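The next block holds one structure in the form of structure tokens; read it before the comments.
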Amino acid sequence: MARNSSFHGLLNLFVEHQLLTAEVAKKAAEQCDRDKKPFLSYLVEEKLIDATAVANLCSIEFSIPLLDINNFDVAQLPSDLLNEKRILKHQALPLYTRGNRLYVAIGDPTNINALEEFQFNAGMRTEPILVAEDQLSKVINTLFESDSSALSLDDFDEDELSAIDVDDQSPATNQDSDLDTDDQPIVIYINKLLMDAIRKGASDLHFEPYEKNYRVRFRIDGILHEMGSPPAYLASRLAARLKVMSKMDIAEKRVPQDGRIKLKISSKKSIDFRVSSLPTLFGEKIVLRILDSSIAMMGIEVLGYEPEQRALYEENLKRPQGMILVTGPTGSGKTVSLYTGLNILNTPERNISTAEDPVEINLSGVNQVHINSKAGLDFASALRAFLRQDPDVVMVGEIRDLETAEIAIKAAQTGHLVLSTLHTNSAAETITRLVNMGVPGYNIASSVSLIIAQRLARRLCEHCKQSEQLPEAELVKLGFKAEEIAAQPHFYHAVGCDKCSGGYKGRVGIYEVMPMSEQIGKTIMEGGNSLQIAEIATDEGVNSLRRSALLKALQGVTSLAEVNRVTSF
């Protein structure tokens, strides 16, 4: 067994302070090499050194707090972190957590591997607490009443994870069968992260390598949270496993790649992940987006539309022709709105075709086309093909250029219902974007029937939200009407509890639903700008995104802080 500098430093420290003679230290080291035993444990077991004296010395030399574990209540140990194999392997014991830190009892102050492994598996930063070796061994043996030489990184419930099955059918994924047994903990660790992400309702997982550390984050309710920090040296193995699962070329690390994972979590339930790899300075960053097909079955009543907004959307979905545009930045819930509309329209009497980049959710009964620009299949060519196949409803993932816009408008004008998206900040700005693309105003006015701008705001947790009262002047500044203020509204702010994430749980849609009225159409044809269109829409009773968000705060659904975060533009 090769000895590192930390080992030699510890040995010299004991000799220097006359806890050991040089001769005894040398013989003990040789014996430990032959028996492959931890040096400090061997010295204490053979009564060659006083464990208490060692603990006192190391506490001073290494500036690590010292604990008399005999005075510690072992009933308070974190039961979910008491993995027998790991604890016996390292002779280290998780004591308690505080915030995002895990405090671990160790007898050997140089046992860095133990701290790194507990940090990796617990997803928390670790802090050492020094305990005399004989005291620590006694507590560990009492806890488990057994000795074990089984060394494993795994501290997860394998019965729970055994139901997970990755749909690996391509030649690339067959490499997984050749994984070294040392990589099995990596496989289980990633499976556990995927399951945790699903349970927590995350939308994305980020695997990020840096020079001296590695970070795993989940995006929950639109906000990123750090969920784990495995050792940096595992970066390449974690990336390789994720690329194998998503059928990427694991040998190619110089260019971005895209893939997909289908995770079968039961015989009746599977979750798809869209995977993207990106070469960075210190390795490949991998991002997984969770694509849960169940969102397509969500009823429109749960999305957060106000009654009049929902009525407008449903009314326009019933029209035989026209164009419905859903706008907003990435992550604003446009896909959910579109798929909810498609699900309402998806009946045996209708021929529905979609062009998507990529196809995120499979919809039975809908003809979905995956855009492949390299092969010449772009949105425009897919739309032209759709119009030769007698469609009733056409969905275009995004209008990106004039050619796609012109074909979509022609389809909307010739007896087809067209649904699509743009990346704009508001409903009125969508008109400006189409005009800037080169679409004539009369074509916009005659084809577009409804524009929905949207955002997602976090819902307040019903278990811990607390009411607050605000001065009238502040409410006026926020945008509330005089009659709303006179009604003495109650607002709520986020607190946080064990049932939520920082006082929020889930998200709700914030919408601006603008129909194409006669006055708005006239303004478009006269070359009016987005400010003029927005003013007319407001006069006609259309709630802006800001106004819709304020209504959600009045209803106690979200907080004013969240309103400002979401609609600060």
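The values are calculated or read from the model by the stated rules, or taken from the named source; none is laboratory data. If you're wondering where the values come from, they're calculated on a predicted model, not measured in any experiment. Neighbour counts are summed over all protein chains in view; Cβ atoms, including those assigned to glycine, are modelled from backbone coordinates with ideal geometry. Remember, those area values only see protein heavy atoms, side chains included, never the ligands or the DNA or RNA. Shrake-Rupley method; radii C 1.70, N 1.55, O 1.52, S 1.80 Å.
Show that you can apply the helix-only estimate: for the chain, add -39,500 (n - 2.57) for every DSSP H stretch of four or more residues, divide by all residues, and state [θ] at 222 nm to the nearest 500. Present the calculation step by step, with values, prior to reporting the outcome.
Numbers: 22 runs with 217 residues, N = 569.
It comes out at -11000 deg cm²/dmol, rounded to the nearest 500.
Provide the packing ranking of 344-355, 467-478, i.e. peptides ordered by the mean count of other C-beta atoms within 10 Å per residue, highest first. Please report the intermediate quantities before stating the final value.
Values: 344-355: 16.2, 467-478: 11.6.
Output ranking for 344-355, 467-478: 344-355, 467-478.
Probe radius 1.4 Å, ligands and nucleic acids left out: which of T424, T21 has the largest accessible area, and how do the rest follow?
Values: T424 10, T21 80 Å².
Greatest to least solvent exposure: T21, T424.
In terms of the ratio Rg/(2.2 N^0.38 Å) built on C-alpha atoms, what value belongs to the chain?
On the way: Rg = 30.5 Å, N = 569, 2.2 N^0.38 = 24.5 Å.
In units of the 2.2 N^0.38 Å rule of thumb, it is 1.24.
Within the set K264/K499; K200/K247; K89/K138; K253/K374; K285/K334, which residue pairs have Cα atoms separated by over 23 Å?
K264/K499; K200/K247; K285/K334
Can you order the peptides 429-437, 489-497 by their average number of other Cβ atoms within 10 Å per residue, highest first?
Descending packing order for the listed peptides: 429-437, 489-497.
Taking the highest mean first, how do the peptides 374-386, 392-404 order by number of other beta carbon atoms within 10 angstrom per residue?
Listed from highest to lowest mean packing, they are 392-404, 374-386.
Restrict the search to segment 481-538; then list the trypsin sites (Lys or Arg not before Pro) that DSSP places in a loop and that have at most 14 other Cβ atoms within 10 Å of their Cβ.
Values: sites: K481, K499, K505, R507, K522; in loops: K481, K499.
Answer by residue number: K481, K499.
For the chain, report the accessible area per residue in Å² (1.4 Å probe, heavy atoms, rounded to an integer).
On the way: 27610 Å² over 569 residues.
Ligands and nucleic acids excluded, the figure is 49 Å² per residue.
Size of the dipole of the chain about the Cα centre, Lys and Arg at +1 and Asp and Glu at -1 on the beta carbon, nothing else charged, in debye to 20? Intermediate values should be presented prior to the final figure.
Values: 60 positive and 78 negative charges, 225 e Å.
Dipole about the Cα centre, nearest 20: 1080 debye.
Only sites in a loop by DSSP and with at most 13 other Cβ atoms within 10 Å count here; which GluC sites (Glu not before Pro) in segment 201-306 make the cut? Present the calculation step by step, with values, prior to reporting the outcome.
On the way: sites: E211, E226, E252, E284, E301; in loops: E211, E252.
Here the GluC sites (Glu not before Pro) that fit, given the DSSP loop and packing criteria, are E211, E252.
How do I520, I60 stack up against each other in accessible area, from largest to smallest, with a 1.4 angstrom probe?
Working: I520 0, I60 130 Å².
I get I60, I520, largest accessible area first.
Across segment 230-246, in residue order, what do the Karplus-derived ³J(HN,Hα) couplings come to in whole Hz, using 6.51 cos²θ - 1.76 cosθ + 1.60 with θ = phi - 60° and x for Gly and Pro?
Those phi angles translate into x, x, 4, 5, 8, 4, 5, 6, 5, 5, 4, 5, 5, 6, 5, 4, 9 Hz.
Just the number, please: carbon plus sulfur as a percent of the accessible area of the chain, 1.4 Å probe, no ligands or DNA/RNA counted.
Values: 13170 of 27610 Å².
The nonpolar share, carbon plus sulfur, comes to 48 percent.
Placing +1 on the Cβ of each Lys and Arg and -1 on the Cβ of each Asp and Glu in the chain, which of I444, I290, L66 has its Cα farthest towards the positive end of the resulting dipole?
I444
On a C-alpha basis, how far is the centre of segment 312-339 from the centre of segment 15-78 in Å? Whole number, if you could?
68 Å
Would you kindly find the accessible area of Y313, with a 1.4 Å probe and non-protein molecules such as ligands, DNA and RNA excluded, rounding to the nearest 10 Å²?
0 Å²
Quick one: compute the contact order of segment 469-555, relative version, from alpha carbon pairs under 8 angstrom and 6+ residues apart, as a percent.
On the way: 45 pairs, mean separation 27.8, N = 87.
Rounded, it is 32 percent for segment 469-555.
Among the GluC sites (Glu not before Pro) in segment 42-151, which ones are in a DSSP loop with at most 16 other Cβ atoms within 10 Å of the Cβ? Mind listing them? Could the numbers behind the result be given before it?
Details: sites: E45, E46, E61, E84, E116, E117, E133, E145; in loops: E46, E145.
Filter output for segment 42-151: E46, E145.
Given H placed 1.01 Å from N in the peptide plane, which residues other than close sequence neighbours of R260 have an amide H under 5 Å from its amide H?
Here the answer is V275, since their amide H atoms fall under 5 Å of that of R260.
Just need the relative contact order of the chain here, percent rounded to a whole number, with Cα pairs under 8 Å and 6+ apart. Don't skip to the end; give the middle numbers.
Numbers: 962 pairs, mean separation 51.0, N = 569.
About 9 percent, as a whole number.
Can you pull the semi-axes for segment 382-487, root of five times each eigenvalue of the Cα gyration tensor, sorted largest first, whole Å? Mind showing how you got there, number by number?
On the way: eigenvalues 339, 62, 29 Å².
Value: 41, 18, 12 Å, ordered largest first.
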